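Data first, discussion second: the structure below is written as structure tokens.
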Amino acid sequence: MTRTTDPAAVLDEKIETLRELIREANGTLRDIRHERREAEASIRSITEQIDARIFEAVVAGLERYSGTISNAIEVAEQKVYDRFDMIACLCLGQEQDDGTRPLEELIRRYVALNGPCTGSPFGRPFRGVPATYRRKQVNDDDGAAIRKAAAALR
């Protein structure tokens, strides 16, 4: 290689070298972009595989426990229906097969044993209820007489 001292020739030579370096850099960038696309495709593929495995595991678990879950739901539903049937029979005054007494009789027994209600079940006096609708408080002598009468009826 001969060196020329001509500044224009040196400049052209450096420009040509820079162009080659730029072409090489562009080729490297293309390769990097191609590798990046391949890596992204691999990541998508891996996430799809993981999603598929998780889905398969969930389906298998649900299949394994679906009978137990369905059975538990049916038992719970039946208990709720039975409870509502019992409450309906109590309210209608029908005695249950298990010996549960009608609601009216249960209320009478409660009043006979504990005396009439003297206020709110939460221990606070009635608010906003006219005094004429409130039950009179029963003194202990009256409550004892009611309990004695209830015991005689048994």
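The values are calculated or read from the model by the stated rules, or taken from the named source; none is laboratory data. These numbers come from a predicted model, not from an experiment. Every residue, glycine among them, receives a Cβ derived from its backbone with ideal geometry; neighbour counts consider all protein chains shown.
Summary of computed values
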{"quantity": "Looking only at the range 33-71, and only at residues there that are loosely packed, with under 10 Cβ neighbours inside 10 Å and not charged (D, E, K, R), the one that is farthest from the chain's Cα centre (by Cα)", "calculated": "G67"}
{"quantity": "Some residue of the range 84-100 being modelled with pLDDT of 85 or more and either exposed (fewer than 11 other Cβ atoms within 10 Å of the Cβ) or among the small types (G, A, S) (or both)", "calculated": "yes"}
{"quantity": "Every pair of residues 6+ apart whose Cβ atoms lie under 9 Å, when the first sits in the range 76-95 and is outside the structural domain of I107 (by TED's automatic domain parsing) and on the phi > 0 side of the Ramachandran plot while the second is surrounded by 10 or more Cβ atoms within 10 Å (Cβ to Cβ) and acidic (D, E)", "calculated": "G93/E104; G93/E105"}
